[in-house]
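Asks: Below is the structure I would like to discuss, written out as structure tokens.
The values are calculated or read from the model by the stated rules, or taken from the named source; none is laboratory data. Computed from a predicted model, the values in this text were never measured in an experiment. Backbone-built Cβ (ideal geometry, glycine too); neighbour counts: all protein chains shown.
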Amino acid sequence: MSDTTYTPPKVWTWDHANGGQFASINRPTAGATHEKTLPVGEHPLQLYSLATPNGVKVTIMLEELLALGHEGAEYDAHLIRITEGDQFGSGFVSINPNSKIPALVDHSTTPPIRVFESGSILVYLAEKFGAFLPHTPEQRTETMNWLFWQMGAAPFLGGGFGHFYAYAPEKYEYPINRYAMEVKRQLDVLDRQLAEHPYVAGKEYTIADMAIWPWYGAVVRNEAYDAAEFLEAHSYKNLNRWVEEIAERPAVKRGGMVNRTWGDPALQLHERHDASDFDLRTEDKLSDQGGD
């Protein structure tokens, strides 16, 4: 063990420069830092987000609902650039006092309903449209079990492993080993579950799959942290099968493009205000990947 021993001070103080890649947007206080009114589009559902795994959960859900024919799921997706501090604007903080994406406002009600935390948004939309959340007590509970599993597990993957392995200003053996062990345990949990079921919560494709896939699919496909080899992600055969099957869903492909600002420009849709925003070039690209 080569890590330098750290002795915590009696009272912690904030070091503005300490925090790695995202130090500029991390702070120990809540609330707005500036006044900024959020735009409002023409659809009842207004989403304010970025295509991180948590943001992608919701755009996948909305695109899946539209694919089922739920016209009321039409939405405007406004880009929140978290590296520029958009999440600390007064308008966004009024929707989500925790200043995290995604956040949704449903203007189909009076007064409008704000919904924040990605898991809460998924449940809200599932109940609103009666889709992707089974109705029987046993199946509904199993879906909720796995949804809450993701909400509790992903911080160890992202804020734990992802931070210390990929983003921390210095790499230390202990935190990387500690969180790598936990992430591999989580991958094994999913692999064992998917050995017995086609989808995470059973026979049906649900909001549990939509919540888990953006995080763990990104790791397995080496789209997050560049750690697939380090974690031997290829060895989880059942998980890999599920990841690739979900990735081929046309609505998942569309949802992954919304509010995306990096990677292949043909797979980026910074803001989405109408289905026609997925233009011909985009549809050709999706078709090349095996989409509809």
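Asks: Confirm whether Leu62 is aliphatic (A, V, I, L, M), in contact with a strand residue (DSSP E or B) (Cβ under 7 Å, 6 or more places away or on another chain) and either surrounded by 18 or more Cβ atoms within 10 Å (Cβ to Cβ) or under 19 Å from Pro39 (Cβ atoms) (or both).
Replies: Considered against the rule, which asks whether it is aliphatic (A, V, I, L, M), in contact with a strand residue (DSSP E or B) (Cβ under 7 Å, 6 or more places away or on another chain) and either surrounded by 18 or more Cβ atoms within 10 Å (Cβ to Cβ) or under 19 Å from Pro39 (Cβ atoms) (or both), Leu62 comes out as yes.
Asks: If you don't mind, there's one more thing I want to ask. Looking at Ala168, Ala195, which one is modelled with pLDDT under 95 and touching a helix residue (DSSP H, G or I) at 6+ places or on another chain (Cβ under 8 Å)?
Replies: From the options Ala168, Ala195, the qualifying one is Ala168.
Asks: Checking the condition part of a helix (DSSP H, G or I), buried (at least 23 other Cβ atoms within 10 Å of the Cβ) and at pLDDT 95 or above, which residue from Gly217, Gly160 passes? Steps first, please.
Replies: Details: Gly160 fails: buried (at least 23 other Cβ atoms within 10 Å of the Cβ).
The unique qualifying residue is Gly217.
Asks: So which of Ala131, Ala126 ends up being farther than 21 Å from Asn98 by Cα, among the aliphatic types (A, V, I, L, M) and within 17 Å of the chain's Cα centre (by Cα)? Let's see the steps before the verdict.
Replies: On the way: Ala131 fails: within 17 Å of the chain's Cα centre (by Cα).
When all the criteria are applied, what remains is Ala126.
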